[in-house]
Structures are given as structure tokens and as C-alpha cells.
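The values are calculated or read from the model by the stated rules, or taken from the named source; none is laboratory data. Worth saying up front: this structure is predicted, and the values here are computed from it rather than measured. Reconstructed Cβ throughout: ideal geometry from the backbone, glycine too, with neighbour counts over all protein chains shown.
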Amino acid sequence: MYMHTHLHHHHNPFLILLSVGVAAFASYTALDLVNCVTTTKGKWKWPWLAGGAIAMGVGIWSMHFVGMLAFHVPGLEIYYDLPLLLLSIVVAILSSALALYVVSYLQPTVMTYVAGSLTMGFAIAGMHYIGIWSMRMSASIIWDKLFVVLSIGVAVTASYLALFIAFRLRNKKAFEGYADRCFGGLLMGIAISGMHYTAMGAMQLIPDSSHVVINPNDLLASDGVAAGVLIATVLILGLALTGTSIERSLIKKTILNETLQASIKSRDDFFSVISHELRTPLTSIKMQNELIVRSILKKQVDETKILTMLEKSGKHIDRINRLVDDFLDVSRMSSGKLSLQRENFDIVLLINEVIDRHRPFLDEAGCEVFFQNNSSIIGCWDKFRIEQVITNLLTNAAKYAPGSPVNISVAEINKCIQIRVKDQGIGIVEEDQQRIFQRFERVLGNEDKRGLGLGLYITHEILQMHHGKISVNSGLNRGAEFIVELPLSPT
Ligand code: ADP
């Protein structure tokens, strides 16, 4: 047995504070990088991961090293073995790469959490103890085993916390989540520092110069070294943050550019579709007019013939009117200027009226409509707008399912009504089923059918204003069933 006396050590409080600050800054940068790696696509993902791992690794390592430099023993000079110190940096970078990989590529399952926090925790603890191992001094270390185990526990817990926060924030839109990342970074910074200072608490030094071999290349710990490491770290982290902010502004620019291109294209499409849609009826009207003028000039007025021509023109004018109404509706809906005029009425009666009004059109399309509902259902809606909804669905059925029956039903369920309009036509493939409710969206291959792709958009908006909704049940060549749900009253 031999007696030894512990060397009294103390920590430089200023350096401790700085080390915690660096840890928080590194954590913030890490969260920022995770966001960038996650949102970046394609070949730029890997360079981001590599650069991010270096910045984050150096950040975490630097927290530990500054924490070690804060450790003072009066009268004892502490040197560091450079190769071992470098090894500890490499371990820090590798464990950061692992962390970035886990949160950027994997799903947050229990397995990911368990495996991720264990590996990262042990890697961080490894980095720390390699750092201690690189210490060269006239003293040897006595370990408090309980504290060593505790420090590894804290490292694993800190890693778990880091994964948790990073998974939460990784998909936040690049331009949001700033405050969350600050808070997350602070929390992670404190957790990482907690690991370090727990591990330092596990150490007791006793004077012992028997083993000490100081190499000429060994680094003598000093406040100057601490300052150098801190400045270098801040520069590296700053560089990483500059990188992420440049990346973000590039992404922002690309998105802006794409939106601009898309809106220019949709404007061009709009003009070409409108011109096409208007030209057909206008040409017809002009032709009918010329025929009428010619027959008057030739004094060969056949009244019945002229009447038929005028009726035809009237239909074309109706069509132009409907188009203009649709445009007005769309423009009012987009600017939020459309308001509802609610009144109590019977939906069953309204559906019957719409069917009757469109009888000629339905007959022409060869569509027999089946709607049987004897009891009335009264609700408080905008009659004109709900009529538009039913008209759109019914005329679409006749348009896209000519020659086959159309079934309409309406039922009252839980203070709501459910209207179903079912046809047996070409149907709509799944990929298009969401899109068709947006402005100007049509299914490709429908070019032979006239339309602007506004009917379902208007329908959808009207229903939304009534706090209702619309969905479609369909598949290619399986017919289409549109289901409308509408609350009976506004409340
Ligand atoms: P439009 O009929 O003027 O093109 P809509 O907004 O009414 O515009 O419909 C959008 C698209 O949805 C149509 O172009 C069509 O491809 C598809 N669609 C709508 N109703 C049906 C239906 N009953 N059967 C099959 N496809 C439909």
C-alpha cells in the first residue's frame, strides 16, 4: 500500500463559459446543417454531409478541448500529445458524420434512436477519453468508476436528445424554425458540456513523475492555445453557417424562379385556351349573322330558318356568358371577394330542377339520370352556388360518360348531407384525383372534350366556403363517383 495526496485542481470559469458557448454554437450549426442536408437533393447531399461533419466535429471537439484547457492544477504543467489529440478530432468528426447521416437519411424509429444514441454516445465518450489519454504531465490519474459510467450515460442521453431535436426540426421549411434551432442548440450545448464536466469529475490527479515523457512536439496547455482553438472553431462554424445561408438563398431563388416560370407558362396556357374557347362560338355566331344578312339582301327571308339560326347563336352566346361567369367567379374566389347568400331551401327539389333544366343536354349525351328521393332535405346554403355545384357534377358526368346512366343520391348523415354523383365513364386515374380540383387542371387525353378545367375548382371552392368538401372515387375506365359533404347549416 502506498499513500498519495490528490492534487487540487480548479476550472477557469471564463473558459468553462466559453466551452459551453462553443458547444451551443456547434449544436446550432449542426441543426442548421441537418436541415440543409435533408432538404438538399441529389449529388450535393454528400458534400454537405462531409463539410457538415467536419464543422460539427471540430465544434464538439473544441468544446471538450477548451473544457480541458480550463482545467488548471497549480504548479503542474499539462502537455498534450499531438497525434492522440488529432485522433480525438477524427473520432469527433466521424461521430458527427454518423449523427448527420442518421438524422438526414433514416426514419425516427425506436431502433434508430437506440442504435443511434448508443453509437454516438460511445463515440463522444471515446473522443473525450482519447483526449484525456493524450495528456502528458507529472501526475497520474485515478478514476472514479461510477463517474466514468455516469459520463458515458450522459453522453448517450445527450445523443438521444440531439437526435430527438434534430428529427423534430429537420423538415422545418429552411426559412422557418430559427428560434427552435436556437433553443435546440442551447439545450444540446448544455447536454454535451454536461457530459464533459461529468467525465472531468471522474478524474483525480496524484503527483507522479515516474512515467512522464514529454516530447518536444507536445502541446503545452495555455490560455493562448485555448484562444487559438476557440477562434479557429468559431471561424469554421461561421464558414459552415455562411455555407448554409448561401445554399438557402440559392434554394429560395430557384423556387422563386420556378414559380415565376410556372406562372408565366400558366398565363400563356390560359390565353391560348381562352382564345380557343371563345373563337369557336364567336365564329359560329358570325357565320349565322352573315347567312341572315345574305338572305335578307337576297330578299329570300325564310322565317323558320332565320329563327333556328338565331336560336343557335343564342346558345353560343349562352356559352360565352357561362365562360365569362366562370372567369369572374374564379377571379372573385382567388381574391376572396366571393360572398354567400344563404337561405333555407330543399336540396332534393333543387337537384330535380337541375336535372330537368339539363334534360336536352343529357338526352343529347345519351345519359339517363336516376335520382330517387321522396323526402325533402332542407338546409341553409347559397342556392345559386349549390346549383352551380350540382350542375358542374351532372354536366361533367354527361361529358365524360356519354351513353351511360348517371346515378344521383342524397342522404342526411349527422347534420350533414351527402350527395353522390356516379357515372360509368372513362374515370380518373389516382394520380390525377387531387389535381383536378385545382384551377385549370384537366386530365391529359381529354383534349377532344371542351373545357377549361375550372368547373371542379369552382365546385371545390364553393363547398369549402360552405365548410363542406368534395372527393372522388374512381379509377381508369371504372367510372367516377363524386361525393359532396355539406353541413346543413353554417354552425
Ligand atoms: P373541365 O371539364 O372544364 O375540363 P373540370 O374542372 O370540371 O373542368 O374537370 C377537370 C377535369 O377532371 C376534366 O378535364 C376531366 O379530365 C376530369 N373529370 C371531371 N369530371 C369527370 C368525370 N365525371 N369523369 C372523368 N373525368 C372527369
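Of all residues in the range 275-296, none that is in contact (Cβ under 8 Å) with a residue 40 or more places away in the chain and closer than 16 Å to Thr308 by Cβ has its Cβ atom under 6 Å from the Cβ atom of a residue that is among the aromatic types (Phe, Trp, Tyr) and assigned to a helix (DSSP H, G or I), 6 or more apart or on another chain. Checking each residue in the range 455-483 for being near the ligand (Cβ under 8 Å from one of its atoms) and assigned to a helix (DSSP H, G or I) picks out Gly455, Leu456, Tyr457, Ile458, Thr459. Cβ separations smaller than 7 Å between residues 6+ apart or across chains give the following pairs from the range 467-491 residues that are modelled with pLDDT under 95 to residues that are in a strand (DSSP E or B) and more than 16 Å from the ligand (Cβ to nearest atom): Ser489/Gly379; Ser489/Cys380; Pro490/Arg342; Pro490/Cys380.
The condition (being farther than 29 Å from Phe440 by Cα, surrounded by 11 or more Cβ atoms within 10 Å (Cβ to Cβ) and not aliphatic (A, V, I, L, M)) is satisfied by just one residue among Thr304, Thr308, Thr395: Thr308. The one condition from (1) out of contact with any Asp or Glu (no Cβ under 6 Å at 6 or more places or on another chain); (2) modelled with pLDDT under 85; (3) of a type outside the set (D, E, K, R) that Cys36 does not meet is (1).
Restricted to the range 338-454, the set of strands (runs of 3 or more DSSP E) holding at least 1 residues that are in contact with a Cys (Cβ under 8 Å, 6 or more places away or on another chain) and within 13 Å of the ligand (Cβ to nearest atom) comprises 406-413.
Among the residues of the range 455-471, those identified as buried (at least 19 other Cβ atoms within 10 Å of the Cβ) and of a type in the set (A, V, I, L, M) are Leu456, Ile458, Ile462, Leu463, Ile470.
Just one of (1) surrounded by fewer than 20 Cβ atoms within 10 Å (Cβ to Cβ); (2) farther than 16 Å from Ala97 by Cα; (3) more than 35 Å from the chain's Cα centre (by Cα); (4) not aliphatic (A, V, I, L, M) fails for Gly126. It is (2).
Restricting attention to the range 55-107, which residues are assigned to a loop (DSSP other than H, G, I, E, B) and closer than 19 Å to Met195 by Cα?
Within the range 55-107, the subset assigned to a loop (DSSP other than H, G, I, E, B) is 70, 73-78, 81, 106-107.
Ala70, the sole residue that qualifies.
Per this entry, Glu277 is not counted among residues that are at pLDDT below 90, in a helix (DSSP H, G or I), touching a Cys at 6+ places or on another chain (Cβ under 6 Å) and surrounded by 10 or more Cβ atoms within 10 Å (Cβ to Cβ).
Name the residues in the range 203-228 that are at pLDDT 85 or above and crowded, with 20+ Cβ neighbours inside 10 Å, would you? Residue satisfying the conditions is Leu205 alone.
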